[in-house]
1. Considering each of B:Thr250, B:Thr245 in turn, give the residue that is among the β-branched types (Val, Ile, Thr), outside any strand (DSSP E or B) and open to solvent by 10 Å² or more (accessible area, probe 1.4 Å).
2. Looking at A:Asn279, A:Asn311, which one is at pLDDT 95 or above and of a type outside the set (A, V, I, L, M)?
3. Looking only at residues in the range B:253-286 that are β-branched (Val, Ile, Thr) and in a loop (DSSP other than H, G, I, E, B), which one is modelled with the lowest pLDDT?
4. What pairs come out if I take residues in the range A:436-447 that are more than 9 Å from chain B (Cβ to nearest Cβ) and pair them with residues that are assigned to a loop (DSSP other than H, G, I, E, B) and surrounded by 19 or more Cβ atoms within 10 Å (Cβ to Cβ) whose C-beta lies under 7 Å away, six or more apart or interchain?
5. From the set of residues in the range A:252-281 that are under 19 Å from A:Thr122 (Cβ atoms) and open to solvent by less than 50 Å² (accessible area, probe 1.4 Å), which is farthest from the other protein chains (Cβ to nearest Cβ)?
6. Name every residue in the range A:471-492 that is of a type outside the set (Phe, Trp, Tyr), within 23 Å of A:Tyr77 (Cα to Cα) and within 11 Å of another protein chain (Cβ to nearest Cβ), in order of residue number.
7. Could you list, in sequence order, the residues of the range A:375-409 that are open to solvent by 30 Å² or more (accessible area, probe 1.4 Å), closer than 20 Å to A:Asn333 by Cα and at pLDDT below 95?
8. Quick one: A:Phe321 ticks every box in (1) open to solvent by 40 Å² or more (accessible area, probe 1.4 Å); (2) within 14 Å of another protein chain (Cβ to nearest Cβ); (3) within 22 Å of A:Thr428 (Cα to Cα) bar one, so which box is it?
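The values are calculated or read from the model by the stated rules, or taken from the named source; none is laboratory data. Note that the structure is a prediction, hence the values are computed from the model and not measured. Backbone-built Cβ (ideal geometry, glycine too); neighbour counts: all protein chains shown. Note: areas computed on protein heavy atoms with side chains; ligands, DNA, RNA excluded. Shrake-Rupley method; radii C 1.70, N 1.55, O 1.52, S 1.80 Å.
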Amino acid sequence: MRRFVILGLLVSVLVFCAGAQNSHSLLDTIFLEEIITFGDLRKFQSGAKIENISSSQIELAQEGGIENVLNRFSPVYIKADAGGLSTIHFRGTSASHTSINFGGINLNSLTLGHSNLSTIPTFLFDGISLQYGSSSAINGSGAIGGAIYLGLDNNWINGLNVSAKTTIGSFGEYLIGTKIFVGNGKWESVTRLYSFQKENNFPFNNPYSGDVENPGVVEDIQKGTAIKNQGLLQEINYKFSEEQYIKSSIWIENSWRQVQANMQSNYHYNGTQEIDNDNIRIWTEYTNNINRIKFKGGAGYVHDMQVFDNNEFQQIGTDRFIGEVQATRDFTNKFGVKTGAKYKYINPNVHAYSDSVIKFEEHLDIFFSSFYRASQNLKFTLNLRQTFVSNFNAPFTPSLGAEYIVNSGSESFVKFTSALAKSYRVPTFNDRYWGTQGNPDLKPESGNNFELGTQFNSNKNNCRSKLGINLFYMHVKNWIEWRNFGIWKAQNVQEVVSKGIEFQGNICIPLGDFNGEFGFNYTFNPVESIKTIEENGLLNRHLNYIPKHMGNVFFTMKYNKWHFFTDGQFTGSRYTDNFGNKLPAHFIANFGVGYKLVVQKHQFSFSISVNNMLGADYQNEKYYAMPGRYFRFSTKYDINIIK
Amino acid sequence: MKKSFNYFSFLLFSMLIFSACNETELPDPFPSEEIEGCYVVNFGSFGQGGASISKYDYNTGEMYNFFYQLQNSGNELLSNIQYASSYNDSVFLIGNATDQIITVNPFIEQSLNGITEDIENPRFFVADGDYLYISCLGANPDWAIMPDSYVAKYNIITRKVETKIMIPGGPEGLEIANGKLYAALNYKNSIVVVDLNSEEISEIATPAVSSYFLKDDDDNLYFTQLSTYSNFSAETGLGFINTTTDQTETYYYLENVSTSYGSILQANSDFSKIYVITSAYDENWNLTGAVAEFNVSNQTFNTENLISDISGISGLAVNPEDDDIYVFSAHSTTGAGMMQIYSETGEYKKEYEVGAFPVGAFFLN
């Protein structure tokens, strides 16, 4: 803790000194670019750390779910097996402590509380942004460790743009997908369609055969781990004017997978279970920026249904209707406010819930946001949110942010940020209503998040670079987990402190005809339970399945029609149980090369990549095999007919 | 002739002496002083490993955690151990994920591979002659009605499952009495009876689902009656089957009988007392476990629990040597569980940390 206080003071002193030395006007081009990129997220959250994963990085990992992109290009830990189950652990928090947002919809399952990232296909999205740290005042329940925003490009195309992609990979991997943008500048239809499947019959070294008569590591083939996902995302958008438009999207997704057997069961394989998910997400949003008071209203519907092992009697699903309105008024360019409300009506359809206990639930969020620019360089933001849940008390959630920007040269600036935020999570439906084990007396999880950061940005000859460092301290109370109390039930079991330091950089490397980009992320993140209700529970020790050290590097180089890329991810050792057993650290490296051929309006792209090229033999979850070296070959066709 | 006779007599006498020496001095392969103890079965985390055996030497008071690993060159138990018991100089472990029957000697040393064929989601076993009868839920259980569950008849000598006796309804605990196999159905309100000679199957209807049996000295059975979410019943407690008539003669009402899968039902050494684990909310709405005592002679439950306020209760065992009661508890499947020892009168004696999620124990001597 003392190290963090010292580092915090150091950053504060740097802020003060830099401010004293230089308070000239901002680099408009860079600043504007940033606002365009992050829009409203930045406007009312000045101290928050929000990072974009670039479209070129997304392009490199479109096969499968978004966990592939996050693993390779962010310092966020993803706990994943090879069989299509992956959960996110932002800054040492649990899987249900990250909200994943698509329009006004939080994708997280209301029954489980989290999302399986493998069922969120990267291919369908044009942008992915990550917000580090608590953002419950903006995103509501669950945004304790972080938030992910899935973005769609709206180009208001006047013409036709079609792209189609196919990938063939090792172990029965196939991706076929298309995106069709068609419009007349006012109307726009965007169709995104994909199908992804993977047999996942990869070879691996099995040290857990359990063969005591012939002990040793055996060569094995993973069985029963197939994945088949398919989805359609259809947008219909209409622009009345630059300030007034309506956007609507419907996303239909089916995700099917076999439950991966652990290595010991795989050796004696006699079948596995299947999980089938159907999701329908509809979001329509009207924006009117004509008047001084800018208005935005949205409505949506979400249907989530999971069937385990084809047993239709054991459905786990919810239907929810969502409505949201918000009004924004910038009184001056120094001061503006936003206020609004969000309503959700949720109807669970879960075999293990009794109708006498839960028929439906209503949530109402009232929120207020404001910014105040004390000077051209100094900005404060305030966010307030109160959630009302039928039959449950949720806490009031404020957050406060500040940023100070200093020009450090004609083409660069330094930004200092700070944020204080409260966060919360309403217990899931399963936590409260599952059979006789649901616990209606649970308290909401609540967190306090403190953050300090600094970022150096430069833009020389359209070559953008940035370097950043962030310190954070998060204290989460009433952490909910399922525990045995004679029967298994959800309980507020512990208090957890997560703290750490994050370094990130993105450096443009112009080398004549070569255009290079180098990036890195590193996180040091101790996470400990500081209080537990268990007599012999884990206390003052790093949590299980959270690496203390994580990092990645990536490098891309473009030369004429060629591009090369390589990236590597380091995941530190992780405790797997309270007895001190650990999974060792591992390093995964990928390499690829691509070529673009342009013939008039037609563009053909080819790429080949080798993943895990060093053939790392590793486990992300103990006893579950991961693939070694594998290959992908992709082709992409684009046609752009603009009137 | 006389000389020959003397030689022959001497030879015969020597052979007798040596054979007598062999009879008395043949070393015991499993000396009691080395194997005697309580062996705690720690289930671990389903599909995630962590299963182990803890050996408690009640003569010295020493606890040896991860005892299987100690005895097997550091090898892990790769199945989650649902149940274990000794029979004929062997200990049989019922493993899940991987589903298998593991056989170890009384030193808990494993020299042969586990049996996986025709063993799918095994739960419990009972031994008879050269056979183990093993309750199994089937490869892909339909958890609502368990249509594919069965009892596997496993030949200990040939190490093969010879027959699957189909018993829909999720057989859990098993017992053999009067030449019949009794299966407690955990998803249906009945007890199944299999005549081991004719293999004829019949059912005894019960007011609630059941989980485990205890056999008294007259070969009659006590069995638990539970209320589960999918099979609610207000009539929980103990039932009694006269195995001659296969009638349930009496029910003894007890609230909140544990629905856990582990050792929730035990008797003391002379079968004068039966102990049942319960889980209930206290006046502050905290869910805690207790051990209820059933007095066999007057056929009533004591009004006060023998042991109470056990958070995370997960199993029970009774030491046949001194009738001490071993109560197991664990909140999670990844951390150390606890073993608390009480006297026969419910007086707390001591406690030990054991492996992850203890569900019961067996005793060797």
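1. Every option except B:Thr245 fails the conditions.
2. A:Asn279
3. Among those that are β-branched (Val, Ile, Thr) and in a loop (DSSP other than H, G, I, E, B), it is B:Thr259.
4. These pairs meet every condition: A:Leu442/A:Pro427; A:Pro444/A:Val426; A:Pro444/A:Pro427; A:Glu445/A:Ile144; A:Gly447/A:Ser134; A:Gly447/A:Ile144.
5. My answer is A:Arg281.
6. A:Glu481 - this is the single residue of the range A:471-492 that is of a type outside the set (Phe, Trp, Tyr), within 23 Å of A:Tyr77 (Cα to Cα) and within 11 Å of another protein chain (Cβ to nearest Cβ).
7. A:Ser375, A:Gln376 - these are the residues of the range A:375-409 that are open to solvent by 30 Å² or more (accessible area, probe 1.4 Å), closer than 20 Å to A:Asn333 by Cα and at pLDDT below 95.
8. With (1) open to solvent by 40 Å² or more (accessible area, probe 1.4 Å); (2) within 14 Å of another protein chain (Cβ to nearest Cβ); (3) within 22 Å of A:Thr428 (Cα to Cα) applied to A:Phe321, the lone miss is (2).
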